[in-house]
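This report refers to the structure that appears directly beneath it.
The values are calculated or read from the model by the stated rules, or taken from the named source; none is laboratory data. It should be emphasised that the depicted structure is a prediction, and the values quoted were computed from it without experimental measurement. For neighbour counting, all protein chains shown are included, and Cβ atoms are generated from backbone atoms with ideal geometry for every residue, glycine included. Calculation scope for accessible area: heavy atoms of the full protein, side chains included, ligands and nucleic acids excluded. Shrake-Rupley method; radii C 1.70, N 1.55, O 1.52, S 1.80 Å.
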Amino acid sequence: MSNETFTSAGKTYKITIYAAPSDGKKHPVILLVHGNFGLGAPYGDQIHGFAKDLAGKGYMTAVPKYYEDDKPHLTDMVPHVQTLTDAIAAVASRPEADPDRLGLIGFSLGAATAMTFIASNPPETVKVLADFFGFLT
């Protein structure tokens, strides 16, 4: 696990990366996108646990933040597509990442963000989506 940062729209955001096995291969990338509660307890621990478990199964996983602070933003209903796009670019540029095998797991607003990202990109950009409590149909 490594705690890093990425930049989006001139702001710096945190991202935690869970590496896949060090076997010299490129690995599928999965980003787990939090909801408007952020990564505070108890959701943050759960999301990071999922990321760690998936990394243990051979995936490169990342948990980006799209808030600069650690407070819940319960009235925020706007998908953070540009921030997700920039997080994906930061992770995809790593030598062990296979950006052609990208998956997104979104929670609440994170699911809406993931779905909006998918809808605004060419087909097949994202290979798999898991939507937990997303509010878009």
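Data table
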read-out: Helix 81-92 axis, angle to the chain major axis (alpha carbon atoms, nearest 10°); value: 20
read-out: Kirkwood Rh and Cα Rg combined as Rg/Rh, the stretch 90-136; value: 1.01
read-out: Cβ-based net charge around Ala111, under 15 Å, with every Lys or Arg adding one and every Asp or Glu removing one; value: -2
read-out: Cα-derived Rg to Rh of the stretch 31-137, Kirkwood definition; value: 0.94
read-out: Per-pair calculated FRET efficiency, R0 = 22 Å: Lys71 and Glu4 via Cβ, rounded to 0.05; value: 0.55
read-out: For Leu102, net neighbour charge (Lys/Arg +1, Asp/Glu -1) across residues whose Cβ lies under 15 Å away; value: -1
read-out: All lysines inside 22 Å of Lys11 as judged from Cα atoms, apart from same-chain residues fewer than 8 positions distant; value: Lys65, Lys71
read-out: Solvent-accessible area of Thr125 with every protein chain in place, 1.4 Å probe, in Å² to the nearest 10; value: 40
read-out: All lysines inside 25 Å of Lys25 as judged from Cα atoms, apart from same-chain residues fewer than 8 positions distant; value: Lys52, Lys57, Lys127
read-out: Equivalent-ellipsoid semi-axes of the stretch 1-68, from the Cα gyration tensor, Å, largest first; value: 21, 15, 8
read-out: Solvent-accessible area, 1.4 Å probe, carbon plus sulfur percent, for the chain; value: 58
read-out: Calculated FRET efficiency for the pair Ala119/Lys57, C-beta based, R₀ 35 Å, to 0.05; value: 0.80
